[in-house]
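In what follows, a single structure is set out as structure tokens and then discussed.
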Amino acid sequence: MAKLSKEQIKALQENRCYADDWSKIEIPDDFKTDRIQDCYFKGNIKIGKLNGKVDIGDGIERACGIYRAKLNNVNIGDNCYIADVKGWISNADIDDNVVIENVGDIKCTGETTFGNGNPIEVLNEGGGRELKITTKTSAQIAYLTVLYRDKKNLVEKLNNIADKFSASFKKNRIYIGKEAKILNSVMLNNVYVGEAAEIKGAQYLYEGTIDSSKEAKTEIGNGVVAEHFIVQKGASVKEGAMIFSSLVGEGTKIGEQFSAKSSVFFANSEGFHSEACSAFCGPYSVSHHRSTLLIAGLFSFYNAGSGTNQSNHMYKLGPIHQGILERGCKTGSFSYLLWPSKVGAFSVVIGKHYANFDTSDLPFSYITDEDGKSIITPAMNFFTVGTVRDGEKWPARDRRKNKKKLDLIIFDVLSPFTGQKMIKAIKILQELYDSADKGVEFVKYNGINIKRVLLKTNKKYYQLILSKYFGDVLIKRMQKSNAGKISEILKIDVQGVSGKNEWVDICGLLCTKERLNKLISEIESGKIDDFENLQQELEKIYNSYEADEWNWVMENYKEYTGKEIVSDIPALLDAWKEASVKLYDMVLNDAQKEFVGNTRIGFGIDGNQDADFEAVRGKYDTNKFVKQLLERKSKVEETYNLLKGKL
Amino acid sequence: MSDTFERVKKVTAELLKVDESKITESSRFVEDLGAESVQSIELVATFEEEFGIEMDENEALAVKTVGDAVKFIDNILSKK
């Protein structure tokens, strides 16, 4: 780099440029003065090479250079295009190939961590569960920090890790990464802009990081207002969204005037139109409709119907209540939940619920209200088309393009996590049945009502699902290990931990308590003291899932049936076949309902109801999903015969 | 009218909250009597309890009319 020569200063002045001190400007050897026009320079300025052209996608090629801009203490990389800066670019390091056009202020106003380490009151508006958000905060790290408050040392150590990382971010200059584009935006103060990020038409961004990479570009769009925020790789925040003290996770989409305060949205979540306040939205949490409020709740693999609402206080000591919807839940239109409540995995909530209940032992349930009374129908939701479709769509809709993903996700609907719940549920339902007076319509469990007459049926359904699950895992194991004797394949996996373990869902990552406790003690002891190590250890847990799952199935099959798997394979396969066929029939039956009776209301507005319906919705027999289910059902027999032959 | 029909009618009327006199053998549980999916399961469970029988879920749910339900139940009872 060199200082400007007298000739170059003169040429710049002729290009209507002004500097408080020309000697503070550094330039490359092949500096082109004609690429700088109508600029005001203050403080130390470094300008890179200004060669070539850029195209921002509108078909107009722009010559790299600096035009109509005011710059204060700015370093500019090679081949950037900066034009029409109405305010100032101040205290900034701009990397190579950056495009900035038609903006107001882009400034660093003092020392900042760009939103990293900012404590937000997630899950409990009143505080007590603060999470220090950073670009490295994963769903798992957030879960441990927010929900394990009884482990003071753990929380302190996790906060230290966040602080250490945030301190490494601390600067008094902003950074704009390689190939980033900032267009038509009004104000960016104390914002870190990652590589290849695109900011188009943002209104006001303050104290935040937009993490981004070439492979997972992050987008900020029109009218966005964001303060004290973190946006992780591959996410987008657009269309007038407002984000305050919030984290937007990898591959998440926020837009269409969604507003969020003190909330987190992990991998592939979606927030449109509606509102989130102190919401802990784990992976795949989706709220698309106006009038929907997610407040003080823990959600994951969740779908909010329009007008969904929850209450987190009862006008007493303030907003101290919180709610938990375990993975895979849905809330129907205008459903309401009174916090505190806990809803079991993969359940559907319909109607308004004014009772505080805990259904976490009863997964796959319908929760409905009947004349103000909350009623649960356990296991029913497993047989719906929706649950089957959900289980398949989540992995298929993973938008994260970055190789190293922050949130570690086990997608399985049937897993040791739901398996252990079903085993428990079978016992609970039997006990309730045995102790219930045959004259009563309902029995009560953890604050919710169950129809007595359905207890046996619900129990039977859980048994059916378990038979399918045990068989699925056995078949996976047998198919994976083509060679080898059955007795070799079907023994305890030495890579896995004991099958007697309890399983937990740490916000997308299913794991044994043993592995989690080991991780926690390593964090508490200081052995794990940065995000990199922590992520590595979480990845080890993630990679151990299959071995741990197998050991759980081996152990729990024995516990549940009283027989060792290895000596009971024919019976297990028989039960699997019967359960699978039955389940597919029930799901197909559910799918069929989408094509008959009342579903045709409103079709054929002036006649030809059936023809109109079929033109829009198609026919049951030719429906893609139905065909897939039928194909799978036919494969049950095939697989069964194949495996039986191997025995 | 068979005893089974009378008992099926009574159970159905109570559960679906419909007028017992309106229920005929040709009444369809879903289309005519408004049975929703959970109610259909509940009907099967209540019939099981009422008649002291076990019904195959899928076969039972395939039954569309009250008359067919009566036949289905009578068939199981005859095998007891």
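Where a number appears in this text, it was derived from the coordinates with a stated rule and is not lab data. Everything numeric in this text was worked out from a predicted model, so none of it was measured. Neighbour counts run over all protein chains shown; Cβ positions are idealised from the backbone, glycine included.
Between rounded, prolate and oblate, where does the stretch A:412-567 land on the alpha carbon gyration tensor, with a ≥ b ≥ c its root eigenvalues, rounded for a/c under 1.5, else prolate if a/b exceeds b/c? Please report the intermediate quantities before stating the final value.
Numbers: a/c = 2.93, a/b = 1.44, b/c = 2.03.
Since a/c reaches 1.5 but b/c is at least a/b, the shape of the stretch A:412-567 is classed as oblate.
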Where the only charges are on Cβ atoms (+1 Lys, Arg; -1 Asp, Glu), what is the dipole of the protein assembly as shown about its Cα centre, to the nearest 20 debye?
1300 debye
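Evaluate the charge dipole of the stretch A:168-234 about its Cα centre and quote only its size in Debye, nearest 20, assuming +1 on the Cβ of each Lys and Arg and -1 on the Cβ of each Asp and Glu.
Working: 9 positive and 8 negative charges, 43 e Å.
The dipole magnitude comes to about 200 debye.
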Report, for the protein assembly as shown, the % of DSSP beta bridges that are antiparallel, rounded to 5.
20 percent
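Among the listed pairs A:427/A:518; A:393/A:619; A:393/A:627, give every one whose C-alpha distance is greater than 24 Å. Intermediate results must be reported in sequence, preceding the final value.
On the way: A:427/A:518 30 Å; A:393/A:619 22 Å; A:393/A:627 16 Å.
Exceeds cut-off: A:427/A:518.
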Hey, how many Å between the Cα centroid of the stretch A:588-634 and the Cα centroid of the stretch B:36-80?
26 Å
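Can you tell me how much longer the chain between residue A:86 and residue A:373 gets when fully stretched, taken as 0.36 nm per residue apart minus their C-alpha distance, in nm with one decimal?
Values: separation 287, 0.36 × 287 = 103.32 nm, distance 6.08 nm.
Extra length available between residue A:86 and residue A:373 comes to 97.2 nm.
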Taking the simple approach of a point 7 Å from Cα along Cα-to-Cβ for both residue A:151 and residue A:578, what is their distance in nm?
4.3 nm
Counting only DSSP beta bridges with both residues in the stretch A:113-215, tell me the antiparallel percent, nearest 5.
25 percent
Rounded FRET efficiency, nearest 0.05, which uses the C-beta distance separating residue A:396 from residue A:495 and R0 of 22 Å:
0.20
Cut-off under 17 Å on the C-alpha distance; same-chain residues fewer than 8 positions from residue A:316 excluded. Which aspartates and glutamates are left, in chain and number order?
A:125
For the stretch A:535-547, Karplus couplings with θ = phi - 60° (6.51, -1.76, 1.60), whole Hz, Gly/Pro x
5, 4, 5, 5, 5, 4, 4, 4, 6, 8, 3, 4, 5
Expressed as a whole number of Å, what is the distance separating the alpha-carbon centroids of the stretch A:233-271 and the stretch A:513-562?
30 Å
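Counting other beta carbons within 10 Å of each residue's own, what order do A:394, A:552, A:22 fall into, fewest first? Show your work: numbers first, answer last.
Numbers: A:394 20, A:552 25, A:22 17.
Lowest to highest Cβ neighbour count: A:22, A:394, A:552.
When N counts the residues of chain A, how does its alpha-carbon radius of gyration compare numerically with 2.2 N^0.38 Å, as a ratio?
Values: Rg = 29.0 Å, N = 647, 2.2 N^0.38 = 25.7 Å.
My calculation over the Cα atoms of chain A gives 1.13.
Return the calculated 222 nm mean residue ellipticity for the protein assembly as shown, to the nearest 500 deg cm²/dmol, obtained by summing -39500 (n - 2.57) across DSSP H runs with n ≥ 4 and dividing by the residue count.
On the way: 17 runs with 245 residues, N = 727.
Computed mean residue ellipticity for the protein assembly as shown: -11000 deg cm²/dmol.
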Which residue, chosen from A:569, A:636, A:595, occupies the Cα position most advanced towards the positive end of the dipole of the stretch A:569-646, where the dipole is computed from +1 (Lys, Arg) and -1 (Asp, Glu) charges on Cβ about the Cα centre?
A:569
Residues whose built amide H sits under 5 Å from the amide H of residue A:306, excluding neighbours closer than 5 in sequence, are A:333, A:334
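Distance cut-off 24 Å, Cα to Cα: go down the list A:3/A:42; A:152/A:330; A:342/A:404; A:53/A:171 and report the pairs above it.
On the way: A:3/A:42 15 Å; A:152/A:330 33 Å; A:342/A:404 32 Å; A:53/A:171 31 Å.
From the list (A:3/A:42; A:152/A:330; A:342/A:404; A:53/A:171), the Cα-Cα distance tops 24 Å for A:152/A:330; A:342/A:404; A:53/A:171.
For the stretch A:387-490, what class follows from the C-alpha gyration tensor (a ≥ b ≥ c being the square roots of its eigenvalues): rounded when a/c is under 1.5, otherwise prolate if a/b is larger than b/c, else oblate?
Verdict is oblate for the stretch A:387-490.
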Amide H proximity to residue A:114 below 5 Å, modelled H, separation 5+ or other chain, gives none
If one computes the Cα centroid of the stretch A:351-386 and of the stretch A:102-176, what distance in Å separates the two points?
36 Å
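For an R0 of 22 angstrom, estimate the FRET efficiency from the Cβ-Cβ distance between residue A:592 and residue B:17 and round to the nearest 0.05. Walk me through the numbers on the way to the answer.
Working: r = 25 Å, r/R0 = 1.14.
Calculated transfer efficiency: 0.30.
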So who's got an amide H within less than 5 Å of the one on residue A:218, skipping anything under 5 residues away but keeping other chains? H placed 1.01 Å off N, in plane.
A:197, A:198, A:213, A:234
Taking other Cβ within 10 Å of each residue's Cβ, how do A:33, A:109, A:308 sort, fewest first?
A:109, A:33, A:308
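Rounding to the nearest 20 debye, state how big the charge dipole of the stretch A:412-567 is about its Cα centre with +1 on each Lys and Arg Cβ and -1 on each Asp and Glu Cβ. Could you put the intermediate results ahead of the total?
Working: 24 positive and 24 negative charges, 226 e Å.
In total the dipole reaches around 1080 debye.
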Please state the relative contact order of the stretch A:412-567 as a whole percent: Cα pairs under 8 Å, 6+ residues apart?
25 percent
